Every structure is written in structure tokens, then in C-alpha cells.
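Worksheet for the structure shown next.
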Number of protein chains: 2
Amino acid sequence: MKAGNGRLCVIGLGPGAAEWVTPEATQALTEASDLVGYAPYLQRVPQRADQIRHASDNREELMRARQALSLAASGRKVAVVSGGDPGVFAMAAAVFEALETGDPSWRDLDVRVIPGITAMQAAAARIGAPLGHDFCAISLSDNLKSWDVVEKRLQAAADGDFVLALYNPASKARPGRIHDAFACLRGRKPPATPVIFARALGRHEEKITVTSLAEADPSIADMATLVIIGSSATRLISGRGRARPFVYTPRAEGARP
Amino acid sequence: MKAGNGRLCVIGLGPGAAEWVTPEATQALTEASDLVGYAPYLQRVPQRADQIRHASDNREELMRARQALSLAASGRKVAVVSGGDPGVFAMAAAVFEALETGDPSWRDLDVRVIPGITAMQAAAARIGAPLGHDFCAISLSDNLKSWDVVEKRLQAAADGDFVLALYNPASKARPGRIHDAFACLRGRKPPATPVIFARALGRHEEKITVTSLAEADPSIADMATLVIIGSSATRLISGRGRARPFVYTPRAEGARP
């Protein structure tokens, strides 16, 4: 049933630091004959003379996925390289969309997804445990869905008193959507709700900002930023001298020490 | 400001397979003088004569966290060992709760969280990309919150048409809550919504079941199971011979190829 010996792995490298790349991802990269991906992700993989690289633009996800599937169908061992976790707002969904709508023989290909640390986990780890209890992950990108859908989800997340992790808070084309998201949430969550902006996670220029929903300046969120907004139970631990406060969401609802 | 040279790392080992343990977690385990954790997690760490092990019962999270902080305050290099990601329904929140309510000097300790692959990511990777778009993670455990809170969140997640990842679907003491959760969702989501039961991820006895909300038998979910329930956009790719269908949630809302 397999199309030759070809196969396709969709690999997550985590959010930027080599110490977050799993052994499974490293092994799959080692075995690949062809690397396909957005150029900055491919740059994170050490060069090897016997591997072919197919770099592409970030907005060409579906084309990139089709190319990868086509290469695998021709017998190549293809690694689609993604940052973070490819299954969370990343390349895996594009690969399966291309697979479903493409050549029927692609359904018999050996396709595997290799999970990675996603930005919200790295951001949470840096600051404490804000995702310690029920949470939602929402992409603010409205390239592929209407803003109405985003707003409906923000409202539902606020109604359910979830912690929120916001991906894709801004882009060059649409710098304003994070402002719209904050406007939506400010009417629905307490002003003192902790807010974390985590930028360039795992990279040299990493920067973590802790503030509150009332005081947050959404304009500091750019394409490289992950935003976490607490639930009503999320707490700050201060009194740490000059060190940043910790932020965590207790396991118990409404627990107040 | 630091209490001696002690420090505490809360380490995530991922959901069971060594290939998911990050280099950062391996390094932190190597540097530890003391390992603290639930016994089955400690068993996943190779024995070393010069490391002291402090195994405990699974329900003693807060006691275990206090013990770990106390050891770090005395100058030990402590690793609190957790499965999955310690920041997601695991030990990190307990550590910060113990820190906030404990000896004020603990606030100056060097406390770090080391993220790991969490069960929903491993489950998603095994089956395709069901978490490819907006999703919620909810713990069904009602040990520390009332069922009303769980039900409110399930309703909000259904109202927002999120994909759901359900942690702690059942326990020996409370086998019925997954039935209550399905009853709540069956009135709110389409009967054909894809449902995935992922049991014992990364372990020898791993088992993945794909079904629909109408046909799912919630009683197959036990303590070792992670449940994913799709959004209205989540799709099955069948026509793969005897192989399991893929399940994915497209990047675009309402996209129908």
C-alpha cells in the first residue's frame, strides 16, 4: 500500500532553543533526504551536503505541503520543518489539508507528525505555571477566518473563565487585531487579570513582560510574541527582590491561600 | 538573595517515550542531587548511586512540592519529576502554590520550569492534526473544583466551537464524570464530530481509537486516557486501506475542499 519507500515527517523544532528539540525530532532530521520549510526554520537545522533543502515563504503553507507530499510520493524521505509544535497553528494541518485534496495515492503514504514544545508552553515555563489549569489557545490571525469567529471565541473563553494563550497577535498587514482582542476581553475579565507578553522565546533577544489587563499595552505584541491572559484564579507571586514575579494558575478553583 | 546554592527544577518527561524527553530535561536530571516525584515518573529516570530519590503518592502534590522547596532551601539541587508538561495540569502549579504559601525566603530560590510534550500534543501527533486550530484544554478532575465549573467550561468551549482536549477523564473514585461530560457536549455539538481516545501514549500498550460524538463509548476512557473532541471544522481522511483515518482541523474556518 505504501508509495515506494518515501515518507513524510512533519517536525516541530520547538520555539527557538536547541535544548527544546526532542530526540525524536533530531532522529527524523537525521534520516531525511529532503528538508522542506519556511527559510528561518530550515536555518536552525545544521547543513549537510547530502540533504536537499527546499526553502519557501511563510505564506505558502499549502504549496509547501503539496511539494512535500509529492516528494514523498516519488520515494524521498521528506522532513517538513516547523517551529514550535507542527500540530498547533503550524504546518501539520496544512499537510493534511493538502493530502485530503491532492492525489488519492497520497493517502497511502507514511505520514508522521513529530510534536514539539509550542510557544505557550515555553512562555508559561519562563514565568511560572499560568497554564496550570483549564486554558484555551486561539490564533488571532484572520487570514483564513473572519474576525467574527475570533471574537466569538474570545467571548466564549472569557465566559468560561479560561486562561487564554493568544497566537499570531499581530502581523505587518494587520497590526490592529491584538488591540481589538484586548478591547473585547477588557469588558469581560477583571482589570487585575495577569497578562504576559513573551517575545522571541528561546532566542538571544527573548523578552518577557508581566502586566495586568488594565495596564497592558497591546502594541508591544508583534509577530514573534505569544500572549497569555489569566483566568480569575491566576495569581502573581511578588516579593522576589528585583526578580520578576512568578505567575501561576492554581489547581483548585477560587483557592485563595 | 539566593538561599545558598540550592535550586529547584520542575521537569516534564513527556507522555512516556524516551524520544520525547528534551535535552533541557535530560541536562537538568543530570545536574540534580535529589529527585522528587510520583513513583512511576521516578521509575522512568535511570538510577544513579549519587542521587537521592524521594518517591511519593500521586495525591500528595502539595506535600511533595513543599518537601522539594525545603530541600532546595537547604542547598540541594532538586528535580521535581513530572510526566507530560509540568505546566499543564501537573506539578508546576503545586510548586508555586507551595512557594506562595510557604516560608517567605522560598521566594528567592532559583526555581525553573522545564516544559515537556503534553498528552494532547502526543495524541494529536499520532492521529494527524486535530489541534490544528483553536482549542481548549480542560481537566475533568473535580477533586479541586466543583463539577459546576467543569460544566460551565464545557458549555463555553462548545459555544465557542473549540476543539476540546479533556485531561483526567476518569478515576477509580469517580468513573462517571466522562459520561457527564459527553452528555453535556452531545446536546451542543454535531453527532458526527470526530472523537479520539488516546490511551497510554508513548508506552508499549498505546491504543488510539477514532470515533464520533454520537458513537463514542465514554467508558473506554480511564486514568491513562486523553480525549480529543473536534470542532465543527474537524475532518476525517479515510480511504487509507486498513490504516486508521487521519483527523485534522483545517487552518481555515468552514473550509470544505
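The values are calculated or read from the model by the stated rules, or taken from the named source; none is laboratory data. If you're wondering where the values come from, they're calculated on a predicted model, not measured in any experiment. With ideal geometry, Cβ positions are generated from the backbone for all residues, glycine too; neighbour counts draw on all protein chains shown.
Before moving on, here are some points about what is shown:
- All of B:Glu31, B:Glu60 fail the test of being modelled with pLDDT under 95, out of contact with any His (no Cβ under 9 Å at 6 or more places or on another chain) and not basic (Lys, Arg), apart from B:Glu60.
- Any hit, the range B:36-55, residues being of a type in the set (Ser, Thr, Tyr) and over 19 Å from the mean Cα position of the chain (by Cα): no
- Screening the range A:223-237 for residues that are farther than 14 Å from A:Ala192 by Cα and out of contact with any Lys or Arg (no Cβ under 7 Å at 6 or more places or on another chain) and picking the one that is surrounded by the fewest Cβ atoms within 10 Å (Cβ to Cβ) gives A:Met223.
Each row is one residue, and each column tells you yes or no for (1) within 14 Å of another protein chain (Cβ to nearest Cβ); (2) out of contact with any Ser or Thr (no Cβ under 9 Å at 6 or more places or on another chain); (3) surrounded by 20 or more Cβ atoms within 10 Å (Cβ to Cβ).
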residue: A:Thr22; (1), (2), (3): yes, no, yes
residue: A:Asp34; (1), (2), (3): no, yes, yes
residue: A:Ala39; (1), (2), (3): no, no, no
residue: A:Gln51; (1), (2), (3): no, no, no
residue: A:Ala55; (1), (2), (3): no, yes, no
residue: A:Ala65; (1), (2), (3): yes, yes, yes
residue: A:Ser82; (1), (2), (3): yes, yes, yes
residue: A:Asp85; (1), (2), (3): yes, no, yes
residue: A:Ile114; (1), (2), (3): yes, no, yes
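- Of all residues in the range A:134-160 being more than 7 Å from chain B (Cβ to nearest Cβ) and touching a strand residue (DSSP E or B) at 6+ places or on another chain (Cβ under 9 Å), the one that is nearest to B:Lys145 (Cα to Cα): A:Ala158
- Total residues in the range B:209-235, condition more than 9 Å from every other protein chain (Cβ to nearest Cβ) and either on the phi > 0 side of the Ramachandran plot or not in a loop (DSSP other than H, G, I, E, B) (or both): 12
- Residues that are within 22 Å of B:Glu205 (Cβ to Cβ) and either touching a Cys at 6+ places or on another chain (Cβ under 8 Å) or of a type outside the set (Gly, Ala, Ser) (or both), drawn from the range B:14-45: B:Pro15, B:Glu19, B:Trp20, B:Val21, B:Tyr38, B:Pro40, B:Tyr41, B:Leu42, B:Gln43, B:Arg44, B:Val45
- Count of residues meeting criterion [at pLDDT 95 or above and within 14 Å of chain A (Cβ to nearest Cβ)] in the range B:193-205: 4
- Residue that is free of Cβ contacts under 8 Å to residues at least 24 places away in the same chain and either under 23 Å from B:Gly132 (Cβ atoms) or part of a helix (DSSP H, G or I) (or both), where the choices are A:Arg153, A:Arg126, A:Arg174: A:Arg153
- Here B:Leu131 clears all of (1) touching a residue at least 24 places away in the same chain (Cβ under 8 Å); (2) out of contact with any Pro (no Cβ under 9 Å at 6 or more places or on another chain); (3) at the interface with chain A (Cβ under 7 Å from one of its Cβ atoms); (4) not in a loop (DSSP other than H, G, I, E, B) except the condition numbered (4).
- Residue within the range A:1-8 that is surrounded by 19 or more Cβ atoms within 10 Å (Cβ to Cβ) and part of a loop (DSSP other than H, G, I, E, B) present: yes
- Boolean, A:Asp217 is surrounded by 15 or more Cβ atoms within 10 Å (Cβ to Cβ) and either of a type in the set (D, E, K, R) or free of Cβ contacts under 8 Å to residues at least 60 places away in the same chain (or both): no
- Total residues in the range B:176-185, condition surrounded by fewer than 16 Cβ atoms within 10 Å (Cβ to Cβ) and either within 22 Å of B:Pro15 (Cβ to Cβ) or of a type in the set (D, E, K, R) (or both): 0
- Output for the range A:92-107, where each listed residue is outside any loop (DSSP other than H, G, I, E, B) and over 21 Å from B:Leu131 (Cα atoms): A:Pro104, A:Ser105, A:Trp106
- Within the range A:87-107, considering residues that are among the β-branched types (Val, Ile, Thr) and crowded, with 24+ Cβ neighbours inside 10 Å, the one farthest from A:Thr118 (Cα to Cα): A:Val95
- Residue in the range B:165-172 that is among the hydroxyl-bearing types (Ser, Thr, Tyr) and surrounded by fewer than 20 Cβ atoms within 10 Å (Cβ to Cβ) present: yes
- Applying the condition of being modelled with pLDDT of 95 or more and in a loop (DSSP other than H, G, I, E, B) to the range A:239-249 and asking which residue is farthest from the other protein chains (Cβ to nearest Cβ) yields A:Pro245.
- Checking A:Arg107, A:Arg126, A:Arg174 one by one, the residue that is under 18 Å from the mean Cα position of the chain (by Cα) and not β-branched (Val, Ile, Thr) is A:Arg126 and no other.
- Number of the condition not met by B:Ile196 [criteria: (1) free of Cβ contacts under 8 Å to residues at least 60 places away in the same chain; (2) in contact with a Pro (Cβ under 7 Å, 6 or more places away or on another chain); (3) more than 22 Å from B:Ala93 (Cβ to Cβ)]: (1)
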